[in-house]
Each structure stands twice: as C-alpha cells, then as structure tokens.
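Shown next, in structure tokens, is the structure this report addresses.
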Amino acid sequence: MLKMLAAPLLLAPVLNGLPAAAAASASAASSAKVATSTAETPPLETRPASAAEIKSFAAFLQQQQQPEASTLPASVSATRQHGSRQWQLQAALDTAPVHAPALPLCIMQRRVFGREARAAKDQRWSEHLPAQQLVWLHHKPQCDAPGASRPPVHPVRLLLAQPDMSTLALLVNRSELLERARLLMAGNTACARLRARSFQLDAVSREPAGSSDAGMDLLIFRSDIGAEAHVTVRKSRTELTAWNVRCPAP
C-alpha cells in the first residue's frame with residue numbers, strides 16, 4: 001500500500017448548492033480514461049428473471065408469511081460466472097426510502113434472498129442476513145416523490161453506521177477521491193492494471209481495528225470488470241484526502 005498527501009478536498013461546499021457533477025457516478029467522471037484500458041471480459045453475466053422464477057419467489061414469500069414492510073415491488077434477477085452454465089437467482093425486497101433530516105440524502109433498507117436449485121422444493125429460497133442499508137444523493141424534499149420512489153440502479157451500501165453528514169461528504173466527494181486514488185494505483189502492483197478502468201462506488205465502511213489506518217473511512221469502488229479498489233480516506237477537520245489504496249484479489 002502507498003500513502004499520499006494529495007491536495008485535500010474541502011467539506012464546506014457540501015450544503016452550499018451541490019453541482020450536478022458532484023452527485024454523478026464516479027464512472028462518468030473518468031469515462032475518458034476507459035478508452036485507454038485493455039479490454040477484459042466482465043466476470044458476471046446477467047439476465048431478467050423468468051415468469052416462473054418470479055412466481056417461485058412470490059410463493060416463498062407467501063409461504064413464509066413475510067411482513068408487508070416492503071412498499072416497493074420485489075426485484076428478481078439471475079447472474080452467472082462467465083462461461084458457467086448455472087444461473088444463480090437473487091431477489092430483493094426494499095423498504096420505502098426515507099430522507100435524512102435537512103440533508104440531500106436518502107436511506108433505505110434492502111433484504112436480499114438467494115435460491116439454491118438443489119435444495120428441497122420448500123427450502124430453495126433463503127434470506128442473506130443482515131439486511132443491507134443503502135444510501136444515495138437526492139435533492140428533492142421527499143425520497144418517495146412521484147417518479148423518484150425507486151432508488152438509483154447502483155445505490156451505495158453503508159456497511160457500518162456513521163453520522164449522516166459524514167456519509168454525505170463521502171458521497172459528494174467520491175469522484176474527486178477516486179481520481180486522486182488513481183495516482184496511488186500507478187505505484188501499486190495489484191492496482192496498476194485497474195488504474196484506467198471505469199469505477200462506481202459500491203460501499204462505504206471504515207478500516208478495521210488493528211490495521212495501520214484503523215478508524216479511517218473506507219470507500220469500496222467496483223470496476224466495470226468486477227474488480228474492487230479500496231480507498232482509505234483521511235479526514236482532518238473539514239478536509240478529505242485519498243490516503244491509501246489497495247486492490248484485493250478476486
């Protein structure tokens with residue numbers, strides 16, 4: 001891992017009229033770099049669920065007498081590793097999103113279920129615990145306003161609870177933090193090949209106790225080929241700095 005004292009990002013503009021570009025995906029900010037990257041095959045293939053697969057999940061919910069906590073329709077999809085014949089079914093139930101008080105931030109819980117085709121018929125579906133907490137930027141008064149009740153395609157997972165203001169600052173500055181992390185990638189053997197890839201913020205967490213950067217914020221970016229880049233963020237008063245980067249093996 002490399003460390004870098006890049007020019008810090010200021011948090012003051014967070015509440016002073018965010019530009020649309022700040023709320024955009026990190027991948028959009030780096031699209032020009034993608035053209036220089038080497039073509040690689042995405043690790044996962046996806047397809048819509050069939051009517052029978054959707055019916056199977058609906059039957060499971062009815063059998064389990066799941067509480068009507070979800071106000072948004074269930075989504076069912078299928079994925080598989082490239083070259084594999086076996087599709088893996090996954091379903092999600094979302095609660096209604098809520099708006100963080102006085103902040104342009106929506107928060108929602110998602111329950112995720114998986115299906116094991118070889119299990120007994122009445123035991124094929126099971127829930128993956130714990131439920132996910134998802135966040136995304138939203139500048140309208142109500143998260144469930146008409147036309148805005150569905151979350152973005154890629155909301156950000158919040159892996160550890162933290163103040164809403166801290167989460168907001170990380171989301172607003174994610175593109176700039178990623179661009180500065182690319183400088184660190186150049187000197188990191190595991191990350192160098194990913195430096196020019198397109199990335200999207202997947203999760204926000206903290207560095208674990210016992211690590212050299214324990215307690216620092218952690219941004220987990222996922223590339224267009226499924227590889228991850230973990231960017232440690234140093235916070236000093238009102239400044240954010242891309243401090244460390246590492247790219248775990250798949």
* Just wondering, is there one or more residues in segment 198-209 that are modelled with pLDDT under 95, touching a helix residue (DSSP H, G or I) at 6+ places or on another chain (Cβ under 6 Å), assigned to a loop (DSSP other than H, G, I, E, B) and not basic (Lys, Arg)? -> no
* Asked: Are any of the residues in segment 64-75 more than 22 Å from the chain's Cα centre (by Cα) and modelled with pLDDT of 90 or more?
  -> no
* Just give me the residues in segment 93-128 being among the hydrophobic types (A, V, I, L, M, F, W, C), farther than 19 Å from Ala49 by Cα and at pLDDT 90 or above, in sequence order. => Val98, Ala100, Ala102, Leu103, Leu105, Cys106, Ile107, Met108
* To do: Return the residue satisfying two criteria in turn: it lies in segment 221-240 and is surrounded by fewer than 20 Cβ atoms within 10 Å (Cβ to Cβ) and hydroxyl-bearing (Ser, Thr, Tyr), and of such residues it is modelled with the highest pLDDT.
  => Ser236
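Yes or no, residue by residue, for (1) of a type in the set (Gly, Ala, Ser); (2) over 30 Å from His82 (Cα atoms); (3) in contact (Cβ under 8 Å) with a residue 40 or more places away in the chain; (4) touching a Lys or Arg at 6+ places or on another chain (Cβ under 8 Å):
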| residue | (1), (2), (3), (4) |
| --- | --- |
| Phe199 | no, no, yes, yes |
| Ala203 | yes, no, yes, yes |
| Pro208 | no, yes, no, no |
| Gly215 | yes, yes, no, yes |
| Asp224 | no, no, yes, yes |
| His230 | no, no, no, yes |
| Val233 | no, yes, yes, no |
| Leu240 | no, yes, yes, yes |
| Trp243 | no, yes, yes, yes |
* When the residues of segment 210-220 are filtered to those that are assigned to a strand (DSSP E or B) and out of contact with any Leu (no Cβ under 7 Å at 6 or more places or on another chain), which remaining residue is surrounded by the fewest Cβ atoms within 10 Å (Cβ to Cβ)? -> Ile220
* Examine segment 136-148 for a residue that is closer than 19 Å to Val98 by Cβ and among the aromatic types (Phe, Trp, Tyr), and state whether such a residue exists. => yes
* Where Ala169 falls short, out of the listed (1) surrounded by fewer than 19 Cβ atoms within 10 Å (Cβ to Cβ); (2) in a helix (DSSP H, G or I) -> (1)
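The values are calculated or read from the model by the stated rules, or taken from the named source; none is laboratory data. Note that this is a predicted model, so its numbers are computed, not measured. Virtual Cβ from ideal backbone geometry, glycine too; neighbours counted across all protein chains shown.
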